[in-house]
Amino acid sequence: MHNESNSARKGIGMTYETLPHWFSGSPLTHTVARDIMQYGPIARTAIAQMHGLSQGTVSRITSDLMHWGVIRETGAATGTGEATAGDGRLPYGFEPKQRTGERGRPQTALEIVSDGHVFAGVKLHDRMATGILTDARCRQLGDAITVPCDDSHADAVAEAIGGLVEALRSSARAQGLPDPQAMGVAIGGYVTEAGNPVEAPFLHWHAEVDLAAMLDDRCGVPTGVFNDIDSLLLHELWFGEAIGLPRCAMVTIGAGVGYGLAEDGRIVGAQDRTYGLAGHLLVDPDGPACFAGLNHRGCAQCLINDSLADEYSKAIGSSSSYDDYAAAARRGVPQARQLLMREAYRLGVLIGLAANLTMPVKVLVAGEGAPLAAVEMESIRRGVREFRPSQAPDVRFAMLPGGWERWAAGAATQIIARFVG
């Protein structure tokens with residue numbers, strides 16, 4: 001096995017290629033490792049059928065992966081020599097064929113060797129940074145840690161994350177774990193292919209920042225910086241609600257409005273995809289003026305927290321924050337409840353637009369504003385149906401659990417995906 005870990009080039013900054021890699025094998029070997037990561041525990045026969053491979057080819061590949069310590073056998077697969085996945089997760093539409101009339105030893109399931117590997121994931125948000133530790137299957141190790149990040153200057157952000165990494169190292173050692181071998185940082189805004197934030201409006205960054213190199217110097221751990229929506233979507237593709245789906249879309253609401261699209265397990269890449277392309281889609285012709293100051297009304301900006309706070313303030317005649325609005329809506333205050341129903345309807349329209357235009361199998365909904373909107377699920381469904389052809393099937397959508405830990409797990413997933421290759 002080749003366990004490759006290259007240090008950052010000082011003054012040049014991290015590129016994704018300098019992050020650690022678990023092993024060096026053929027493209028097919030890496031594909032099989034990803035399959036076992038996402039669908040395991042899984043039988044060799046299922047892997048062979050998924051890719052049209054011979055049993056001999058799969059056996060050779062898995063033997064190499066076992067020799068390198070990447071995978072291991074874990075008991076017998078359910079059934080008698082059937083193509084199965086231990087957790088019941090297989091690619092969408094894949095129907096395993098039963099092996100009838102064959103005799104031999106029972107099929108054993110394969111799983112990733114996740115222990116012994118520790119990664120850190122960090123999400124920057126709300127003048128805070130939340131970090132977690134995970135194993136190679138992105139299972140959280142210990143509690144999440146949040147530190148303040150009040151100063152948005154790049155040096156101060158790097159210093160705050162450096163303190164967070166020190167706390168995560170202490171957590172790892174207290175659990176008897178090794179230090180994290182790499183770290184992913186998720187940030188809202190446009191991030192270059194080299195991993196440098198260029199436009200991060202919530203941090204007031206409007207020029208390229210070599211944050212990864214700064215963090216490598218401060219923390220001493222290989223670091224990659226990624227767009228937060230890309231990261232969360234990748235987490236769902238590898239470990240969450242979108243495993244095995246041929247096409248999946250994601251909509252996020254909160255401090256901003258985000259959108260992502262994945263095809264065949266990979267995020268659809270476009271240089272402008274992290275510029276908030278869904279932020280000005282029309283979702284309510286009678287909605288408020290664009291909160292970004294553009295010359296139109298009722299765009300998706302009316303779903304962001306600040307716009308909702310402004311709309312609620314006007315409804316009650318006094319200044320209120322988003323938290324005030326959310327608390328009032330949960331208490332059943334009439335003006336807040338009415339706005340919540342409108343917000344949920346608008347979200348449904350946005351979900352429906354995503355479904356109509358990109359035709360995903362499922363739309364995922366996330367962001368700090370999603371849990372409140374989920375209180376009015378019927379209003380969301382009404383918005384989805386409003387502009388959906390009656391002959392079309394219902395839109396499948398899922399509201400992801402709240403909490404910054406999931407976003408931090410997205411950052412860790414970016415590292416794990418590159419670690420596996």
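Just so it is clear, none of the values below were taken in a lab; they were calculated from the coordinates. It should be emphasised that the depicted structure is a prediction, and the values quoted were computed from it without experimental measurement. Don't worry about glycine lacking a Cβ; one is built from the backbone with ideal geometry, like all the others, and counts go over all protein chains shown.
How high is the relative contact order of segment 319-382, in percent, counting Cα pairs under 8 Å that sit 6 or more residues apart? Each step should come with its number before you reach the end.
Numbers: 41 pairs, mean separation 25.1, N = 64.
Dividing the mean separation by the residue count of segment 319-382 yields 39 percent.
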(message) Between segment 197-224 and segment 289-329, what is the separation of their alpha carbon centroids in Å?
(response) 31
(message) Using Cα-Cα distances under 8 Å and only pairs 6 or more residues apart, what relative contact order does the chain have, in percent?
(response) 16
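Rounded to the nearest 0.05, what FRET efficiency do A207 and S318 give with R0 = 35 Å and r taken as the Cβ-Cβ distance? Could you check?
FRET efficiency, A207 to S318: 0.35.
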(message) Between helix 27-39 and the chain, what is the angle of the helix's C-alpha long axis to the longest principal axis, kept within 0 to 90° and rounded to the nearest 10?
(response) 60
(message) Through the Karplus equation 6.51 cos²θ - 1.76 cosθ + 1.60, θ set to phi - 60°, convert the phi angles of segment 226-242 into ³J(HN,Hα) values in whole Hz; use x for Gly and Pro.
(response) 9, 5, 6, 6, 3, 5, 5, 5, 4, 4, 5, 5, 8, 10, x, 6, 10
(request) Rounded, prolate or oblate: pick one for segment 246-399, where a ≥ b ≥ c are the square roots of the eigenvalues of its C-alpha gyration tensor, a/c under 1.5 means rounded, and failing that, prolate if a/b is larger than b/c, else oblate. (result) prolate
(message) For a quick check, take a GNM of the chain with Cα springs below 10 Å and name the residue from A194, A278, A212 with the largest mean-square fluctuation.
(response) A194
(message) Can you give the FRET efficiency to the nearest 0.05 for T57 and E263, using r as the Cβ-Cβ distance and R₀ = 22 Å?
(response) 0.25
(request) On a 0 to 90° scale, report how tilted helix 404-420 is relative to the longest principal axis of the chain, with both axes built from alpha carbons and the result rounded to the nearest 10. (result) 30
(message) Just checking my list (i) 4, 18, 22, 19, 15, 10, 7, 3, 1; (ii) 4, 16, 17, 10, 4, 3, 3, 3, 3, 4, 6, 8, 9, 7, 3, 1; (iii) 5, 21, 28, 25, 15, 6, 1, 0 against P(r) over Cα pairs in 10 Å bins from 0, in percent computed from this structure; which label fits?
(response) (iii)
(message) If the elastic network links every pair of Cα atoms under 10 Å, which of L19, L277, L347 fluctuates the most in the Gaussian network model of the chain?
(response) L277
(message) Nearest 10 degrees is fine. How inclined is helix 305-316 to the longest principal axis of the chain, computing both from alpha carbons?
(response) 30
(message) Could you tell me the center-to-center distance, by alpha carbons, between segment 331-396 and segment 125-140 in angstrom?
(response) 28
(message) Using 0.36 nm times the number of residues separating T74 and A270, minus their current alpha carbon distance, what extension gain do you get?
(response) 66.6 nm
(request) Starting from the Cα-Cα distance between R89 and E166, subtract it from 0.36 nm times their residue separation and give me the gain in nm to one decimal. (result) 24.1 nm
(message) Please list, by residue number, everything in segment 233-271 whose backbone N is under 16 Å from a paramagnetic label point 7 Å out along Cα→Cβ of M359.
(response) 246-249, 262-264
(request) Counting only C-alpha contacts under 8 Å and six or more residues apart, can you give the relative contact order of segment 246-399 as a whole percent? (result) 25
(request) Would you list which aspartates and glutamates come within 14 Å of K362, measuring only between C-alpha atoms, while excluding same-chain residues fewer than 8 positions from it? (result) E236, E241, E263, D264, D394
(message) I want to verify a result. In a Gaussian network model of the chain, Cα cutoff 10 Å, which of these has the top mean-square fluctuation: P91, P148, P27?
(response) P27
(message) For the chain, give me the percentage of DSSP beta bridges that are antiparallel, rounded to the nearest 5 percent.
(response) 65
(message) Per 0.36 nm of contour for each residue apart, how much would the distance between H67 and S152 grow if the chain were fully extended, relative to their Cα-Cα spacing?
(response) 25.9 nm
(request) Can you tell me the FRET efficiency between A292 and S114 if r is taken as the Cβ-Cβ distance and R0 is 35 Å, rounded to the nearest 0.05? (result) 0.25
